[in-house]
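Below is one structure, written out as structure tokens; the observations come after it.
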Amino acid sequence: MQISDQVFLEGFMSEYILEIENLTKDFPGVRALDNVSLKVKKGGIHSLCGENGAGKSTLMSCISGVYPNGDFDGKVSFKGRETKYHNVKDSEKEGLAIIHQELALSPYLSIYENIFLGHMNTRFGIINWHKYSIESKKYLKTVGLNEPPETIVSKMGVGKQQLVEIARALSKKADLIILDEPTSSLNDDESEKLLNLMLELKKQGITLVMISHKLNEVLKVADTVTVLRDGKSISTYDVKSDNLTEEMIIKDMVGRNLTHRFPERKSSPGEAVMEVKNWTVYHPDYHDIKVVDDVSFYLRKGEILAFCGPMGAGRTELMMSIYGKSYGSRCEGELKINGKTRTFNSARSAINAGLGYISEDRKSLGLVLIQDVKTNITISSFDKISKFGVIDNQQEIKIAERQRKELNIRTPSIYQYVRNLSGGNQQKVVVAKSLQANPDIFIVDEPTRGIDVGAKTEIYGILNDMIAAGKSVIMVSSELPEAIGMADRIYVMNEGKIKGELSKDEATQEKIMHLALVG
């Protein structure tokens, strides 16, 4: 028997498909991974949990070749053989695929082109497109996506795009699929379908590693859970035999008991500070289509007002259109701030009138990733720290340092590039930037998307502090427990319309879903 055959058989017979020993990875000024060790069993679902910055995504990037061999210390073995990957293609050839939180699809190509992109065979330099269109159907059937293979990816929602990514991994004959926050951009229904798909893939013998902050989803599908904290592997549990609970995971994640996920506060809203009447927004490309249809609502001083509803309900489009007409070909209706009718034709005019806004897409719309923390924090208030067009550098440093301390932004320094921070700390930088403009009305769209429970609690505390200071908050949230736990009132939207309103005492997940679907 040849040595290579022996290694293969040993890997085949091993209980574990992936083994990591003492993996250490350093970045400038910070150790991201510190002697991490874990094992992933074949044919199971292994979940990786931890706070933002714990090292989860970095670990998966080391495993999959995003960071090449030699960029880190330690040993990674896949199918019983130590890996020496120089790039992602090397790992894909051996049957290991990774699906990142930010999907890596080409938006202007079709479904089947995206599925086979990078691994199409040619004959005399010519691609048989018809063959790949037909072949893609079996992968689409496996993932449960009932769309024509010729559909352009950008025409589909995020949930369906996620399924295309999985179909793509399957087309590469993946034995192990790593999913980084797979449901962070999905609504409840889409998340449920994806989790069921993961269980189905498991039945087919495919091993999955899931990075997730949604602990209820972790406990629903995972067989084994490993917790990372500060770059170290803290614990590994068997979900069933250890009777694993969310509280056990959270304690290991944050190093302490987290008794109140939604900090308590006294609520006493005052008079209305914002009124929106008969607000209608038209699609930016198809000018006759109403994305927001005749919506009316009000916001009171010292109130957290939540907007809930399924993806595509029009919540984000409503908020962006209010915030300086940042969405839509045209807007109709009346907007009043403190009793005065106002028209904002730009984001700057909205900021000057005391509105703050945090986008649901922090990386594309909330941050300048190639700039440092300091610049990102002060960029919306340069006019306050400059004279004759010249920025007061000392004042800028003082502001950035103060916000870093007050919001507990974990970064080696304010000169660190924002792209190098974890998701939770990036979100805190976005919050710091908005707070620096000192808004009276703060619109936050999915403020805790893709961040861990510890960082979520800190964000909730910041929102409560704003309310205590007499400010008002509008919160768009797809996480119903978050809306119920934080809001004084909830508006439920669907199909561009407000379907109903619930007080804090009335609100339950069942009532919100009923209003969204039935009205």
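The values are calculated or read from the model by the stated rules, or taken from the named source; none is laboratory data. Keep in mind that this is a model prediction, so the values were computed, not measured. Don't worry about glycine lacking a Cβ; one is built from the backbone with ideal geometry, like all the others, and counts go over all protein chains shown. All accessible areas refer to the heavy atoms of the entire protein, side chains included, with ligands and DNA or RNA removed. Shrake-Rupley method; radii C 1.70, N 1.55, O 1.52, S 1.80 Å.
Please turn the phi angles of segment 119-131 into ³J(HN,Hα) values with the Karplus equation 6.51 cos²θ - 1.76 cosθ + 1.60 (θ = phi - 60°), one per residue in order, whole Hz, x for glycine and proline.
9, 8, 8, 10, 10, 6, x, 10, 8, 7, 4, 4, 4
Name the residues of segment 267-286 whose amide N is less than 14 Å from a point 7 angstrom out from the Cα of SER296 along the C-beta direction?
Zone members listed by number: 275-280.
Taking amide H positions as placed in the peptide plane 1.01 Å from N, state which residues far from ARG265 in sequence (5 or more) or on other chains have amide H under 5 Å from it.
none
D for segment 127-272, whole µm²/s, Stokes-Einstein with Kirkwood Rh over alpha-carbon pairs at 10 °C and 1.306 mPa s: what number?
Values: Rh = 18.0 Å.
In µm²/s, the coefficient rounds to 88.
More than 22 angstrom separation, counting every C-alpha pair in segment 425-516; what % is that? If you can, show how the numbers build up before the last one.
Numbers: 1285 of 4186 pairs.
Everything past 22 Å amounts to 31 percent.
To the nearest 20 debye, what is the magnitude of the charge dipole of segment 100-186 about its Cα centre, counting +1 on the Cβ of each Lys and Arg and -1 on the Cβ of each Asp and Glu? Kindly include the intermediate steps, with their values, before the conclusion.
Values: 10 positive and 9 negative charges, 87 e Å.
My answer is approximately 420 debye.
Can you check what the net charge comes to around GLY424, using other residues whose Cβ is under 9 Å from the Cβ of GLY424 (Lys, Arg +1; Asp, Glu -1)?
Working: positive: ARG410, LYS428, LYS456; negative: GLU51, ASP452, GLU458.
So the environment of GLY424 carries a net charge of 0.
Ratio of segment 36-173's C-alpha Rg to 2.2 N^0.38 Å, to two decimals? The partial results should precede the final answer.
Working: Rg = 16.7 Å, N = 138, 2.2 N^0.38 = 14.3 Å.
Expressed relative to 2.2 N^0.38 Å, the Cα Rg reads 1.17.
Quick check: pseudo-label points 7 Å beyond the Cα along Cα→Cβ at ASN352 and THR122, how many nm apart are they?
Each label point lies 7 Å from its Cα, and together they span 5.5 nm.
Per residue, how much accessible area does the chain show when a 1.4 Å probe rolls over the protein heavy atoms, in square angstrom? The partial results should precede the final answer.
On the way: 24000 Å² over 519 residues.
So the chain comes to 46 Å² accessible per residue, rounded to a whole number.
Express the carbon and sulfur contribution to the solvent-accessible surface of segment 383-519 as a percent, rounded to the nearest whole number, probe 1.4 angstrom. It would help to have the intermediate numbers written out before the result.
Numbers: 2820 of 5780 Å².
So the carbon and sulfur contribution to the accessible surface is 49 percent.
Can you work out the Karplus-derived ³J(HN,Hα) for every residue in segment 284-299? Use 6.51 cos²θ - 1.76 cosθ + 1.60 with θ = phi - 60°, whole Hz, and x for glycine or proline.
For segment 284-299, the Karplus-derived couplings read x, 9, 9, 5, 9, 8, 8, 8, 10, 10, 6, 8, 10, 7, 9, 10 Hz, x marking Gly and Pro.
Do any GluC sites (Glu not before Pro) in segment 465-519 lie in a DSSP loop with no more than 13 other beta carbon atoms within 10 Å, and if so, which? Let's see the in-between values first.
Details: sites: GLU479, GLU482, GLU495, GLU501, GLU506, GLU510; in loops: GLU479, GLU495, GLU506.
When the GluC sites (Glu not before Pro) of segment 465-519 are filtered for loop state and at most 13 Cβ neighbours within 10 Å, GLU506 remain.
Roughly how many whole Å is it from the C-alpha centroid of segment 283-304 to that of segment 122-192?
That distance is 33 Å.
Distance from a point 7 Å along Cα→Cβ of ASP383 to each backbone N in segment 307-348: keep the residues under 15 Å and list them by number.
324, 344-348
What Kirkwood hydrodynamic radius, in Å, does the chain give when the mean of 1/r is taken over all pairs of distinct Cα atoms and then inverted? Could the numbers behind the result be given before it?
Values: mean 1/r = 0.0404 Å⁻¹.
The answer is 24.8 Å.
With the contact rule set at Cα under 8 Å and sequence spacing of 6 or more, what percent relative contact order holds for the chain?
Numbers: 1020 pairs, mean separation 76.6, N = 519.
Worked out over the chain, it gives 15 percent.
If segment 249-362 were replaced by its equivalent ellipsoid, with semi-axes equal to the square roots of 5 times the Cα gyration tensor eigenvalues, what would those be, largest first, whole Å?
On the way: eigenvalues 191, 77, 36 Å².
Largest first, segment 249-362 gives 31, 20, 13 Å.
Between HIS283 and THR24, what is the label-to-label distance in nm when each label sits 7 Å out along the Cα-to-Cβ direction?
For HIS283 paired with THR24, the spin-label model returns 5.6 nm.
Per residue of the chain, what 222 nm ellipticity follows from adding -39500 (n - 2.57) for every DSSP H run with n ≥ 4, rounded to the nearest 500?
Working: 17 runs with 173 residues, N = 519.
For the chain, the value works out to -10000 deg cm²/dmol.
Each residue of segment 441-451 in turn: what ³J(HN,Hα) in whole Hz from Karplus with 6.51, -1.76, 1.60 and θ = phi - 60°, glycine and Pro shown as x?
10, 10, 9, 10, 9, 6, x, 10, 5, x, 10
Need one number: nm distance between label points at GLN204 and TYR108, each 7 Å from Cα along Cα→Cβ, rounded to one decimal.
So the two model labels end up 3.2 nm from each other.
Relative to the longest principal axis of the C-alpha atoms of the chain, give the angle of the C-alpha long axis of helix 188-203, reported between 0 and 90° and rounded to the nearest 10°.
The helix 188-203 is inclined about 10 degrees to the chain.
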